[in-house]
1. Quick one: which residues, 5+ away or cross-chain, put their amide H under 5 Å from the amide H of A:Cys158? H built at 1.01 Å from N.
2. What pairs in B:Lys78/B:Lys372; A:Lys132/B:Lys372; A:Lys372/B:Lys115; A:Lys104/B:Lys170 have C-alpha atoms more than 24 Å from each other?
3. For A:Ala446, place a label point 7 Å from Cα along the Cα-to-Cβ direction in every copy; what are the distances to the other copies, in nm, shortest first?
4. Put a point 7 Å out from Cα along the line to Cβ at A:Glu404; what are the distances to that point in the other copies, in nm, shortest first?
5. How much FRET efficiency would the formula 1/(1 + (r/R0)^6) give for A:Ser197 and A:Ser437, where r is the Cβ-Cβ distance and R0 is 35 Å, rounded to 0.05?
6. For chains A and B, what's the summed buried accessible area, probe 1.4 Å, to the nearest 100 square angstrom?
7. Are there chymotrypsin sites (Phe, Trp or Tyr not before Pro) in the stretch B:102-165 that DSSP puts in a loop and that have at most 14 other Cβ atoms within 10 Å, and which ones?
8. List the distances, in nm and shortest first, from the label point of A:Asp13 to the matching label points in every other copy, placing each point 7 Å from Cα along the Cα-to-Cβ direction.
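The values are calculated or read from the model by the stated rules, or taken from the named source; none is laboratory data. As the structure is a prediction and not an experimental result, all values here were calculated from the model. Neighbour counts are summed over all protein chains in view; Cβ atoms, including those assigned to glycine, are modelled from backbone coordinates with ideal geometry. Please note that ligands, DNA and RNA were not included when accessible areas were found on the heavy atoms of the full protein model with its side chains. Shrake-Rupley method; radii C 1.70, N 1.55, O 1.52, S 1.80 Å.
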There are 2 protein chains.
Amino acid sequence: MSDAVKFILAEQDIPTHWVNLMADLPGDEPPPPPLHPGTKEPAGPEDLAPLFPMNLIMQEVSTEPEIEIPDEVREVYKLWRPTPLYRARRLERALDTPAHIYYKYEGVSPAGSHKPNTAVAQAYENAAAGIKKLTTETGAGQWGSALAFACQLFGLECEVWMVGSSYDQKPYRRSMMETWGATVHRSPSDLTEAGRSQREHPTGSLGIAISEAVEVAAQDPHTNYSLGSVLNHVLLHQTVIGQEALAQMAQAGEEPDVVVACVGGGSNFGGLAFPFLRRVLRDGARTRFVAAEPAACPTLTRGVYAYDFGDTVGLTPLMPMYTLGHGFVPPPVHAGGLRYHGDSPLLCGLVKAGLVEARAYRQNETFEAAVKFARSEGIIPAPEPAHAIRAVLEEAQAAREAGEERVILFGLCGHGNFDLSAYDAYLGGQLEDPQFSEADLEAALASLPEAPALT
Amino acid sequence: MSDAVKFILAEQDIPTHWVNLMADLPGDEPPPPPLHPGTKEPAGPEDLAPLFPMNLIMQEVSTEPEIEIPDEVREVYKLWRPTPLYRARRLERALDTPAHIYYKYEGVSPAGSHKPNTAVAQAYENAAAGIKKLTTETGAGQWGSALAFACQLFGLECEVWMVGSSYDQKPYRRSMMETWGATVHRSPSDLTEAGRSQREHPTGSLGIAISEAVEVAAQDPHTNYSLGSVLNHVLLHQTVIGQEALAQMAQAGEEPDVVVACVGGGSNFGGLAFPFLRRVLRDGARTRFVAAEPAACPTLTRGVYAYDFGDTVGLTPLMPMYTLGHGFVPPPVHAGGLRYHGDSPLLCGLVKAGLVEARAYRQNETFEAAVKFARSEGIIPAPEPAHAIRAVLEEAQAAREAGEERVILFGLCGHGNFDLSAYDAYLGGQLEDPQFSEADLEAALASLPEAPALT
């Protein structure tokens, strides 16, 4: 076992392929397909063609175990990849735990999170297909920043609908997108039918912002839409994280007993976990997986497993997933990237199959964990991965109670430099702590569309 | 020559010693000593003892060529060091220049700049000496954040006076310091005599904030003061930057023809340049050095070389340096870290000796350079190093005009995540562009204290 604090890979160690977990799913049945929102028949590649370039659609439906990363994408990855993996020795001491805590840190990217891993791949494929502009939504602004950055590198225009509550809380994320040349709108906006139809929800939601961006992209053949999570090809692009982490854990001379990551749409979780999960599926490795989400938007822990729209208005295909109902507008918690009614169908299937355990945390206990982390490890985490840190504290305490040298690996998917107003509120005792209610759940169930039942 | 984008060192490559340029200065005469503010006699170690622990004072006056880095400090350095060195290939293409542009990036530290390199060393020595609290000033907030972080790691209280204009422009830097457990005051404050005497300068200045922090530290034997730049021991601690850069340029297979860094008090410049400068002094290497500063606070390019106070009120020793007069309050440009009337005596001596060339840049041309950099390299620079980038663009253009493969190395000492309101103003055409005037210079000369003349 290494006594190092930081595990570093060289530029040539950037993965050459993405890991496609679709090829290794358990069971004989293929996962349930997405359905066309009108016909409710299985949606094929041609249904996605108005929004995405064919290369990304082929990645979306691929069952190949690995997909090669284009050289142009790897070349951009070099600006920040490989990212460091840390042993959190100071946190371990602060917690007085025998657990060994490791974290993979994606905050070193220009946009400050894991999001550029897919933004760059998506911008590249769209530019290669002759597309001139990408539209998208953003919650906390991490995805919008990442796409603004990527579009700038490949000469694409970028237009972003930013969830209203985050737009108000994080003005500097907007400035960041504009510095990289993007145009940013507060969502719901008056620019789209979808936005105008949601004026009664002024704080907005990811679902509403998606509707706006999709509506605009669908109207122009030179404009495509880009999604920062949920879809198979997005999770695929993020698997560079887990592949590097596998190599770095080998450097450290340890195997994780448990892998922890936060879940909004699932791309951060999938990116870190899937390469480890593939070993479980292929070789019977005994790793546990924990998905951490906000108690105010508890998709995996309280949602129902059903077909639902990916957006609020109902423009996208119906996807098989845990959902709180596409009409659910989560309260404006600071983890803007986790305010989504659904989750990646691929991840939901794994939760359903019992391969991934989901846990939900309240906002205040999450920030308590974040401050503890910041004061021992230095890095101030974004509110999203602070949910993972909260779960790690539980695991570390369990290890102490059991007297076990448990090895914990978690994903620190972004820094909190743009979230300091939330820290301000927490430190001042002013942070609200919304909870999901039974009434929310009833409303969610009522808003589900007519569709075939899932088993 | 390597074709890599990023040059990485391993944890064990963190330097074991700091480089003390005092041992290699040119000429037979020692540099002029600091003077006691009352007697105007050379100030000795005992004069500094009320503010600093003896180990730091010994570093301040040392003429040993190298000083060993304590293990406890190197252990903390591992949280972010070694920092990466980049070849700016995308910027080179955007500029269509034959120059090879390299940058050493210190923004990967928890506080987002080079400042923790010395903050950690200072907090360690103070804690080891039994001190309970450190006071300090901060401009843009980078230094205050760094000291807050370092104090947290070594169990010290931290009290920061933040320059008023930056306090207003950068509320999240204050939240960051508070997240790490520090107490932050807007300067000028009502808490000190120095602050109360400067109410007519509500935007504040580094000089005023220094006076406040020094006043408080001098009154309590368990409280010391900590300075983020200017002093010899601070520049000393920063030489880890240049030592790593030397090793990384060797990896790249190139020698810099010119080394560029911004100057506020001189620690970023000294940290990068001094290990390269030592080679010039010892081996006759032919490297040029360019110090970039704001035209609104042009200490090196317009100041006079004279004894002056380090702070506004006149509590510190008189230091031999280029100065705009300790009474000069720079306009509130966004490069808050560069708003200082004086500069490191060590650096000033090198400018005087013709070993370092100084250049001054206006605020708008500096942000123009910063946006160009952000849109090609991804990283959004802090306004301070954006001055260095402006100088790099000049060097790159000169290389193109001369048809030369000039090798340029510059210090990217911090990211601009907390400076996006300034980018907002620039992109919106609202950025002011203050200039230093002849009247400013006359006032500066008039404010100089009685002291022996410098030659």
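1. A:Leu134, A:Thr183
2. Those over the limit are B:Lys78/B:Lys372; A:Lys104/B:Lys170.
3. With the label placed 7 Å along Cα→Cβ, A:Ala446 yields 7.6 nm.
4. Label-point separations across copies, in nm and ascending: 6.5.
5. Details: r = 25 Å, r/R0 = 0.71.
Working from the Cβ atoms, E equals 0.90.
6. Working: alone 16650 and 16600 Å², together 29360 Å².
Looking at A and B, the buried total is near 3900 Å².
7. On the way: sites: B:Tyr102, B:Tyr103, B:Tyr105, B:Tyr124, B:Trp143, B:Phe149, B:Phe154, B:Trp161; in loops: B:Phe154.
Taking the stretch B:102-165 and a limit of 14 other Cβ atoms within 10 Å, no loop chymotrypsin sites (Phe, Trp or Tyr not before Pro) are found.
8. 1.2
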